[in-house]
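The values are calculated or read from the model by the stated rules, or taken from the named source; none is laboratory data. Remember, it's a predicted structure, so these values are computed and weren't measured experimentally. When we count neighbours, we look across all protein chains shown, and the Cβ atoms used for this are built from the backbone with ideal geometry, even at glycine.
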Amino acid sequence: MPRRQVLESVDGLAVLVTGAAQGMGELFARRACADKAARVVLWDLNEPLLEQAADALRAAFPQTAIETRVVDLADPAQIAEGAAQALAAGGIDILVNNAGVVTGKPFAQHSTGQIHSAMAVNALAPMYLTHALLPQLGVRRPGRILTIASAAALVSNPNMSVYAASKAAVASFSDSLRLELEREPGRNLAVTTFCPTYVDTGMFAGARRMLLTPMLQKQQVADRAWDAMLRATPMVLLPWTSKLGQALRGVLPRAAWDLLAEKVLGIYHSMDEFSGRAPAADRSAQTPGNSAV
């Protein structure tokens with residue numbers, strides 16, 4: 001399979017970031033502006049926060065055209081309309097599927113609405129949006145798709161059944177798409193799937209620290225994800241303990257892994273005291289659901 005061209009920056013390209021009003025989404029948008037993107041398109045459901053973020057970027061980076069659109073990513077029609085607008089305005093080169101929602105509690109306590117929202121925003125929305133933009137990505141100019149999944153896609157954890165399922169779905173989609181595109185000649189388009197543990201965006205307030213796995217700093221994580229996207233790195237697990245956990249889970253008997261994860265590593269108790277963002281901000285902001293184990 002051919003190696004994709006490494007990008008030094010997104011200079012002159014058009015970037016679309018979902019969940020861009022705060023958290024890592026805002027950091028991705030800021031990095032795009034700092035890297036001299038020609039256009040940066042910000043999507044979010046929280047209009048006041050979205051416009052506040054856009055105003056700050058316009059003030060800091062007057063050379064970059066900043067566009068905003070209020071989009072409910074649980075609504076396929078709104079995704080289609082927003083994608084059509086972005087294409088009509090000149091197209092998109094770099095797509096950052098960043099937005100997400102999370103509910104951390106036993107499956108029996110989820111409402112059907114919460115199940116639908118998590119699967120729609122975390123799993124289906126990246127598929128719908130990528131599908132709408134895919135025909136023109138990487139055709140005239142270099143293209144990238146960065147999808148923020150989660151280490152939760154790879155390791156089961158109590159109180160995260162729906163969130164983990166949604167992230168497992170989008171991680172599998174993203175990496176399968178990468179393989180398809182690597183077989184397609186004549187297009188400079190690469191896909192990166194990024195899987196961090198808990199990130200300090202506020203979405204995982206109350207989550208317990210795991211052994212050797214501190215709460216990740218959002219700036220560090222955003223920079224790592226952005227650089228991996230530029231380099232066309234297929235998949236990133238962060239931090240190193242995620243890779244260790246994957247190796248141990250693969251070789252140990254299930255009972256031994258469960259004992260290790262619960263009694264030693266602390267994975268199975270990491271969501272016992274989860275509180276998350278205040279309810280008013282959590283669903284409406286659609287901010288990065290990119291920080292679960």
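I want to confirm something. Restricting to segment 143-168 and keeping residues that are assigned to a loop (DSSP other than H, G, I, E, B), within 23 Å of residue 226 (Cβ to Cβ) and at pLDDT below 95, which single residue is nearest to the chain's Cα centre (by Cα)? Break it down into steps so the answer makes sense when it comes.
Residues of segment 143-168 assigned to a loop (DSSP other than H, G, I, E, B): 149-150, 154-160.
With within 23 Å of residue 226 (Cβ to Cβ) added as a condition, the list becomes 149-150, 154.
Narrowing further to those that are at pLDDT below 95: 150, 154.
Values: 150: 8, 154: 15 Å.
Checked segment 143-168; the qualifying residue nearest to the chain's Cα centre (by Cα) is 150.
Does residue 37 qualify as being surrounded by 15 or more Cβ atoms within 10 Å (Cβ to Cβ), closer than 23 Å to residue 227 by Cα and aliphatic (A, V, I, L, M)? Full working, then the answer.
Details: surrounded by 15 or more Cβ atoms within 10 Å (Cβ to Cβ): yes; closer than 23 Å to residue 227 by Cα: yes; aliphatic (A, V, I, L, M): yes.
So residue 37 passes the test.
Name every residue in segment 119-142 that is of a type in the set (A, V, I, L, M) and modelled with pLDDT of 95 or more, in order of residue number.
Our first condition is that a residue be of a type in the set (A, V, I, L, M); within segment 119-142, this holds for 119-121, 123-125, 127, 129, 132-134, 137, 139.
Once the filter is applied, which keeps residues that are of a type in the set (A, V, I, L, M) and modelled with pLDDT of 95 or more, segment 119-142 yields 119, 120, 121, 123, 124, 125, 127, 129, 132, 133, 134, 137.
Name the one entry in 74, 37, 21, 32 that is outside any helix (DSSP H, G or I), of a type outside the set (Lys, Arg), over 21 Å from residue 127 (Cβ atoms) and within 18 Å of the chain's Cα centre (by Cα). Break it down into steps so the answer makes sense when it comes.
Numbers: 74 fails: over 21 Å from residue 127 (Cβ atoms); 37 fails: within 18 Å of the chain's Cα centre (by Cα); 32 fails: outside any helix (DSSP H, G or I).
It is 21.
I'm told residue 118 meets every condition in (1) outside any helix (DSSP H, G or I); (2) under 21 Å from residue 197 (Cα atoms) except one. Can you identify the failing condition by its number?
Of (1) outside any helix (DSSP H, G or I); (2) under 21 Å from residue 197 (Cα atoms), only one is false for residue 118: (1).
Only one of 207, 247, 261, 256 is at pLDDT below 75 and either of a type outside the set (Val, Ile, Thr) or in a loop (DSSP other than H, G, I, E, B) (or both); which?
On inspection, the qualifying residue turns out to be 207.
Going by what's in this entry, would residue 222 be described as under 18 Å from residue 9 (Cα atoms), modelled with pLDDT of 85 or more and assigned to a strand (DSSP E or B)? Break it down stepwise before answering.
Working: under 18 Å from residue 9 (Cα atoms): yes; modelled with pLDDT of 85 or more: yes; assigned to a strand (DSSP E or B): no.
No; evaluated as a whole, the condition is false for this residue.
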